[in-house]
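Working notes for the structure below.
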Amino acid sequence: MHPDVVDRRLSSLPELSRQGKRINGLHRLLTCPRIWERAYEMIAQNTGALTPGTDPDNTLDGFSLARMERIIAQVRDGTYRFTPVRRKYIPKPNGKLRPLGIPNADDKLVQAVVKLVLDQIYEPIFSANSHGFRAGRSCHTALEEVRKVWTGVVWLVDVDVVGFFDNIDHDILIGLLKQRIDDDDFIRLIKGMLVAGYMEDWTWHATYSGTPQGGVISPLLANVYLHELDQFMTAYRTQFNKGLKRRPDPNYAQVVKKINACRAAIRKRRDRQRGEDVTLFIDEIRDLQKQLMQHPSLDQFDSDYRRLLYVRYADDFMVGVIGSKQDARDVLSDVRAFLKDRLRLDVSEEKSGISAATEGTSFLSYTVKVMTTNRIQRIERKGSSRPMLRRNPSRTVQLHVPEHKLAAFVERKRLGNYHTRYGEPRNWIIDSSDLEVLTSYNVMMRGLAEYYKLGTLWKRQLSRVHYVWWYSLVKTLGRKHKCSVPTVINEILDYQNGERGLWYDTKDGRKFRPLFTLKHVRKKEPSARNADSIASTSYLDLSRTDLMDRLMAQQCESCGASDAPMEIHHARRMADVSHQSLMARLKAARLRKRVVLCRPCHTALHAGGLQARLDQVKAGVGAG
């Protein structure tokens, strides 16, 4: 298939998907090498690109055109078979373990190719309330939506799905894919990913449900599965919402009526031009205005007004209800029934429930709650000589940082004790340089602050962690230099432009690295609802990359040979520098470069004899 034809075909997928048409001919698209080149670039930049699955030799190191063509041929002929993933466990914040599947590199590549095509089909139709694993969306966009849109919410419905990724029903997922894809070969390829199984303790286990966690395509398939929930909630909201606006509050309307009567009396007396005293009416208006501020303008208990709000990040979703508590109970019951009957997912009775919005609930490691104070402001109106009193909204959403999350962070990073504000030295890094120690602490604290910067009082709530973090740092430097904390502060840490930090030498001269403080975090202005969405036509850029141009050139970048098979060598294996200092590991992670080598040079490089081979080539011995 000609590349231009592929480009036009891919560009047409989003519009066809929006029209609700079933799309065919996708399996033919997988025979285009340019898609595979783009897929390779997607996964080669990941930190786990060189992590092996069940086959220790099947990594992206040594990627070549011949290898790519072999995989394309197997996919085209229908003979490609996915290998079982390697099962490992990673710790969860609650102390439990989460299973993770690590596929082989070839399987990752095939998954990436399928994901590129599926993205073109599903990204245009995904709900605006879905924020997980999507381009331009994140936890912060979901939280910003809650903070900006959920004003007035009364009840928060928290629904926790039990083991979502492990319990995705394969038959339901395949059925959902078939609703939009009319290509049996393409569907069969996806099904092969799902049923490949996993290896644990050298024993193969079948996978009858779930998506391959750790796989490239798993997040997208999860969004396809829960898109049904998004559609259900959209239809449910249309049915649930009632009333255009709340009716006026009777007490508020009565006070307004009295104020209008006083103003009418003042106008009447002034029209007579008899100089009648209106002071009593003015004083009465002032008293009535004070009373007015004590009552809401609209009836907060209007039974003819209801609203439902919904937001989802992956399998973590929350529903807001403006209505009665019985309405919230009905919503929870209906959502639980839909998940059970339609998606065959169970809801945790212990972790799911209804909370008053004033008390708050947990969502994406924040506490979401509403503020009910009626703060009054005096504002100047344009074109008016007198100020106007205005109340802030009485039920605005606030985001707070849970204290137990901060305490767990301090304990996990072994900084000291959060509750007693006691910092402890991290003795295992005292062999690193001062700059490495400072950098590691800066990265640690900045990561925490950048995530929680959406909080209403985030600086105040993170100040205790920063205090413990600061004393842990100076005590670590003190243990390294065998001196006291005051000595570290006054002699080791320098002071420059109002900030403490360290001077260090570079090839461009001396530079200063400041110690991280909370004021270094810049809180971005709230963005528009769809400002970070990527147009579907530009989402898949199939222009050949510089690396693929170099590979297509078929010339070794080490010895210059052009008469041998070429392979891509991943120049930085993180495992190879695991024993080195922190700065060396950070540099290796940043400079994870790839270079095109001929097979003899690639083999010699892994054997540690590349320089010897280059000397032989230069002498005219063993070239090629």
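Bear in mind that the values in this text are calculations on the coordinates, not laboratory data. These numbers come from a predicted model, not from an experiment. Reconstructed Cβ throughout: ideal geometry from the backbone, glycine too, with neighbour counts over all protein chains shown.
Compute the helix-to-body angle for 105-122: its Cα long axis versus the longest principal axis of the chain, expressed 0 to 90° and rounded to tens.
40 degrees
Hey, rough spin-label estimate for D283 and V149, points 7 angstrom out along Cα→Cβ, what's it come to in nanometres?
5.2 nm
Classify segment 64-177 as rounded, prolate or oblate, taking a ≥ b ≥ c as the square roots of the eigenvalues of its Cα gyration tensor: rounded when a/c is under 1.5, otherwise prolate if a/b is larger than b/c and oblate if not.
On the way: a/c = 2.40, a/b = 1.71, b/c = 1.40.
Note, shape of segment 64-177 comes out prolate.
Compute the label zone of R272 within segment 285-301: residues whose backbone N is under 19 Å from the point 7 Å along Cα-to-Cβ.
Once the point is set 7 Å along Cα→Cβ of R272, 285 turn out to lie under 19 Å by backbone N, inside segment 285-301.
For D494, what charge total do you get from the other residues with a beta carbon under 13 Å from its beta carbon, if Lys and Arg give +1 and Asp and Glu give -1? Don't skip to the answer; put the middle values down first.
Values: positive: R500, R510, K511, R513; negative: D434, E491, E499.
Summing Lys/Arg as +1 and Asp/Glu as -1 gives +1.
Given the Cα-Cα distance of S64 and R34 and 0.36 nm per residue of separation, how much length would full extension add, in nm?
9.4 nm is the gain from fully extending S64 to R34.
Considering the Cα trace of segment 390-472, what is its radius of gyration and what is Dmax, both in angstroms?
Both quantities, over Cα of segment 390-472: 15.6, 60 Å.
Please work out the FRET efficiency for the pair S333 and W428, using the Cβ-Cβ distance as r and a Förster radius of 45 Å; give the result to the nearest 0.05.
0.30
Remind me, what semi-axes does segment 452-498 give for its equivalent ellipsoid, largest first in whole Å, using sqrt of 5 times each Cα gyration tensor eigenvalue?
27, 13, 7
At 7 Å along the Cα-to-beta-carbon direction for both V443 and I354, put a label point, then send me their distance in nm to one decimal.
With each label placed 7 Å out from Cα toward Cβ, I get 4.7 nm.
So what does log10 I(q)/I(0) come out to for the chain at q = 0.08, 0.10 Å⁻¹, using the Debye formula with one equal point on every Cα and no solvent?
-0.80, -1.13
Quick one: what do you get for segment 1-152 if you divide its Cα Rg by 2.2 N^0.38 Å? Walk me through the intermediate numbers first.
Values: Rg = 18.7 Å, N = 152, 2.2 N^0.38 = 14.8 Å.
Rg over 2.2 N^0.38 Å, computed on Cα atoms: 1.26.
For Cα pairs less than 8 Å apart in space and 6+ apart in sequence, what is the mean separation divided by the residue count of segment 167-302, i.e. the relative contact order in percent?
Once normalised by length, the contact order is 22 percent.
Estimate the FRET efficiency between I174 and R421 by the formula 1/(1 + (r/R0)^6), using the beta-carbon distance for r and 60 Å for R0, to the nearest 0.05.
So the FRET efficiency works out to roughly 0.65.
Checking the a/c ratio against 1.5 first, then a/b against b/c, what shape does the Cα gyration tensor give for segment 216-291? Write down the numbers at each step before the final one.
Values: a/c = 5.70, a/b = 4.49, b/c = 1.27.
The shape class here is prolate.
Using the Karplus curve 6.51 cos²θ - 1.76 cosθ + 1.60 with θ = phi - 60°, what ³J(HN,Hα) values do you get for each residue of segment 308-321, in whole Hz, with x for Gly and Pro?
Once θ is set to phi - 60°, the couplings for segment 308-321 become 10, 10, 8, 8, 9, 10, 6, 8, 9, 9, 9, 10, x, 10 Hz.
Fully extended, how many nm does the chain gain between M552 and Q611 (0.36 nm per residue separation, minus their Cα-Cα distance)?
So the extension gain works out to 18.8 nm.
Long-range amide H contacts for Y422: which residues qualify at under 5 Å (H placed 1.01 Å from N, peptide plane, sequence gap of 5 or more or a different chain)?
Excluding prolines and chain starts, which carry no amide H, the hits are N417.
Test of understanding: extend the Cα→C-beta vector of S297 to 7 Å, then name every residue of segment 206-248 with backbone N under 15 Å from that spot.
Under 15 Å, as judged by backbone N against the label point of S297, lie 245-248 of segment 206-248.
Between R76 and V347, what length comes free when the chain is fully extended (0.36 nm per residue of separation minus the Cα-Cα distance, one decimal in nm)?
93.5 nm
How many nm is it between the label spots at D4 and T603, if each spot is 7 Å from the Cα in line with the beta carbon?
The two pseudo-label positions are separated by 4.3 nm.
Kindly state, to the nearest 0.05, the FRET efficiency for Q45 paired with T506, given R0 = 35 Å and r defined as their beta-carbon distance.
With a Förster radius of 35 Å, E is 0.85.
What order, most packed first, do the peptides 165-177, 503-515 have when packing is the mean number of other Cβ atoms within 10 Å of each residue?
Final packing ranking: 165-177, 503-515.
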